[in-house]
1. Taking Rh as the Kirkwood radius computed over C-alpha pairs, what is the Stokes-Einstein D of region 326-465 at 25 °C in a medium of viscosity 0.890 mPa s, expressed in µm² per second?
2. Would you mind checking LYS30/LYS114; LYS9/LYS149; LYS22/LYS140; LYS281/LYS347 for any pair whose Cα atoms are more than 23 angstrom apart?
3. Using a Förster radius of 45 Å, what is the FRET efficiency between ALA371 and ARG318 based on their Cβ-Cβ separation? Nearest 0.05, please.
4. Per residue of region 169-176, what does 6.51 cos²θ - 1.76 cosθ + 1.60 with θ = phi - 60° give for ³J(HN,Hα)? Whole Hz please, x for Gly and Pro, Karplus curve as stated.
5. Looking at the P(r) of region 229-337, how many percent of alpha-carbon pairs lie beyond 25 Å?
6. Over the chain, give the accessible area per residue in Å² for a 1.4 Å probe, as an integer.
7. Report D for region 3-160 in µm² per second (integer): Stokes-Einstein, Kirkwood Rh on Cα pairs, 10 °C, 1.306 mPa s.
8. Report TYR153's accessible area, 1.4 Å probe, all protein chains in place, as a number in Å² to the nearest 10.
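The values are calculated or read from the model by the stated rules, or taken from the named source; none is laboratory data. None of these values were measured; they are calculated from a predicted model. Positions of Cβ are backbone-derived with ideal geometry, glycine not excepted, and every protein chain shown enters the neighbour counts. The accessibility values were calculated without ligands, DNA or RNA, using every heavy atom of the protein model including side chains. Shrake-Rupley method; radii C 1.70, N 1.55, O 1.52, S 1.80 Å.
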Amino acid sequence: MSIQACDVKTSSEAQQVRKYVKMYSRMGGKAYVHSFGCQLNVSDGEKMKGILASLGFTFTESYENADLILLNTCAVRESAEDTVYGTLGNIKKYKKQNPGVILILAGCMASEPKTLDKVRSHYPFVDILFGTSALSQLPKLLLEHYEGKKLAYDMTEYSEEFGADDQIRESTFKASVPIMFGCNNFCTYCIVPYVRGRERSRSAEVIIREVEDLVAKGYKEIMLLGQNVNSYGNDLEGGMSFAQLLRRLNEIPGEFWIRFMSSHPKDATPELLDAILECDKVGKHLHLPVQCGSDTVLKRMNRHYTAEKYLEIVDYLRARSEGFSLSSDIMVGFPDETEAEFEDTLKLVERVKYDNIYTFIYSKRSGTAAAEMEDATPDAQKRVRMERLLTLQRQVATENYRRFIGQTVRVLVEGESKQGEGWLFGKSSAYTIVEFQGDQSLIGTFADVKITDARNWAVSGVLVK
Ligand code: SF4
């Protein structure tokens, strides 16, 4: 049975917690919520804020005047976990001086059984711990804490449903909508399937209703989220595929854009690519993480595609839409990556001509298969390879962005640009950063900009209207 957010807020636990919040809060019921990591985590953090607000909390930007501190953690790399433990170390002093402050650890890291052991042994000042599929248990856990439990925790996987009104969103014009949770792919470097479980798609009906609500409220960009959105619906009997879902969302009236992440190349079917190309509200950009250009490394990564298969997707898009915008994640220095394997990645980058790449030097993540692999490549060599990749990408992108010069592009204006006073920035349908001079009142609206200049990460131009 799924747990609805409204049930969470009206439960008897929630009613009792509201009384305790009034009774025990020294700072007037202020909560500090910090989300680390990816957009899915940020979206979860917004839901946690929604629950806390329903319990009587308001929010502060500093943990040093909070009654409740919630760290919504990320587990993707060991360095991400170290950051959380470092933050806990900083908070320890504040907590010692203010023992009534409630300290909560949530998110991916909190879903790992080893975290519970580590908190018990090294961070006994943590009060509450819960995993990514137990958000709905927050009132119950708070009640247990107020009633004297030393460490209240819940790592169970609940089936939870949150709607458009259940989140406290950071933006008034960009909204994220998770469409599925978990991952079935088991890439050998990734911990996600172990901490977020197997793929679970939300019902299309619920997603459509949520997007309709958001559009009616004036949101201009809807970001559909999942670890692998391309396999949306595979677990729903008779349900929609991701391509069908995009087409259905595209029919919702109003001016808004639909974006999505992340995509796995093995599930990027022609049906999906056609939907992206043909739906006018779907951004003309695909973030398609290739990770590397070597078939032998892709095999060791357990990615289930070859460089050739990946290039077929690129060619399919570019044959139908010249200059179609692509971006990617690329990992350098996967265990035992040879010079020849790395050069295959350079060749692929040169061939695809990405507008943007997000690069990482592989770092060991305990609990994954890759962490057990031999790795003879020295770190210094990995850093040199990274520099070579970045140099190539800068050349590729400088050339790439020039294709927009002379075009007038529609832009969703996002905020002030660092260019200087009077400058704004936004993103085009192709997810290109566009800078131009204009009035702040344009933020959160669509504008047309004629592109006059290009750099290796953005373009700039003149406001047309
Ligand atoms: S597709 Fe691979 S990298 Fe992405 S979340 Fe799943 S296991 Fe991790």
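1. Rounded to a whole number, D works out at 144 µm²/s.
2. LYS30/LYS114; LYS281/LYS347
3. 0.75
4. 7, 6, 10, 8, 10, 10, 10, 9
5. Above the 25 Å cut-off, region 229-337 has 26 percent of its Cα pairs.
6. 43 Å²
7. 103 µm²/s
8. Accessible area, nearest 10 Å²: 80 Å².
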